[in-house]
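**Student:** This is the structure I want to talk about, given as structure tokens.
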């Protein structure tokens, strides 16, 4: 009998966790008898992809109606001290029966009690966050009410598992480590030729140190800037360009422009902004630096590795230092920008060494393909469903 599974995502943004979920749902749709249903707390560019795979609804608790009439009524009700008119739970979902609810990210944990009560089925939560993000953004995600109705957890890396078990006190037997994954076939086919991508960024034959992600403190954009400053100071005549691929808020963009100017890096660093096909630019990198202060198991590293780029990262920041070895990249003590800068210069002087490490990285990352990890998740889902009968 086919299984009905409700997949719940915080949104459909072009970010790691929703992308992992989309890859998983697509694999399940194409390779199993699962009937896919999707509930998004918010929309985004990936929403059409979910809609192509199954019934997709956008809803979150406590959101006021956006219709003009209902907003006006809500305003009147609130002025009189009453609650506004909230968007009701999707009727077509309410009438459905499910074999399992699959929550994606800690941001959806608060929905566990509602969905457990509604569907009387097992709940799995796929957790992609580490301590800083949980404490800063989802401090109540693992409260007693939510954890009491969550049957099992998937941790995106060993570091996520350790945080859940050692700091949040989730029972170890309720947590399985299943690493994040990518669709290597898709990533390995950029939409632009290297020449086209170089022309867009006005690059020539520079040695490119790349990074990617939404610019900000957690991703270490400031560290990236300081790294560029140090490399430029140590090797002022080096033909090295630093390229960051990823969204910048207005504030982050202003900060980058200001800092780049103050550090004298205008001709040494490029911020591309958000790119729909980031691998177009990853292919230009000679090496990838993960400057994150915290990052559970970032897809950008897997994607760069799939394109034969060695990975540099800091120890103790998440899952990538767990898998990077001396023949696929280098790890450095947390915050040791000087050591990373020296290693970049050494790699610049030995490009053949970087090329070999990149090939090794591409071999290493094959185990993190959707066709390897998704079947393991499906097995876990099936076991949890079977255990509830």
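The values are calculated or read from the model by the stated rules, or taken from the named source; none is laboratory data. Remember, predicted model here, so these are calculated numbers, not experimental data. When we count neighbours, we look across all protein chains shown, and the Cβ atoms used for this are built from the backbone with ideal geometry, even at glycine.
**Student:** Tell me which of these residue 199 doesn't satisfy, since it passes every other one: (1) assigned by TED's automatic domain parsing to the domain that holds residue 245; (2) touching a residue at least 12 places away in the same chain (Cβ under 8 Å); (3) over 19 Å from residue 307 (Cα atoms).
**Tutor:** It fails just one condition, (2).
**Student:** Can you say whether residue 257 is part of a helix (DSSP H, G or I), more than 19 Å from the chain's Cα centre (by Cα) and buried (at least 21 other Cβ atoms within 10 Å of the Cβ), as far as the supplied structure shows?
**Tutor:** No; evaluated as a whole, the condition is false for this residue.
**Student:** Shifting gears a bit: Could you list, in sequence order, all residues of the range 39-61 that are in a loop (DSSP other than H, G, I, E, B) and either modelled with pLDDT of 95 or more or surrounded by 14 or more Cβ atoms within 10 Å (Cβ to Cβ) (or both)?
**Tutor:** Selection gives 41, 42, 43, 44, 45, 46, 52, 53, 54, 59, 60.
**Student:** Let me ask something else about it. Go through the range 151-169 and report how many residues are crowded, with 21+ Cβ neighbours inside 10 Å, closer than 18 Å to residue 140 by Cβ and touching a helix residue (DSSP H, G or I) at 6+ places or on another chain (Cβ under 7 Å).
**Tutor:** Of the residues in the range 151-169, 2 are crowded, with 21+ Cβ neighbours inside 10 Å, closer than 18 Å to residue 140 by Cβ and touching a helix residue (DSSP H, G or I) at 6+ places or on another chain (Cβ under 7 Å).
**Student:** Let me ask something else. Suppose the filter is in the same structural domain as residue 130 (by TED's automatic domain parsing) and modelled with pLDDT under 85; does residue 64 pass it?
**Tutor:** Yes: the conditions hold for residue 64.
**Student:** Can you list the helices (runs of 4 or more DSSP H) found entirely within the range 294-374 that contain at least 1 residues being surrounded by fewer than 19 Cβ atoms within 10 Å (Cβ to Cβ) and out of contact with any helix residue (DSSP H, G or I) (no Cβ under 6 Å at 6 or more places or on another chain)?
**Tutor:** Fully inside the range 294-374 and qualifying: 337-349, 351-364.
**Student:** What is the residue count in the range 110-145 for residues that are under 25 Å from residue 376 (Cα atoms), in contact (Cβ under 8 Å) with a residue 12 or more places away in the chain and over 23 Å from the mean Cα position of the chain (by Cα)?
**Tutor:** Qualifying residue count, the range 110-145: 5.
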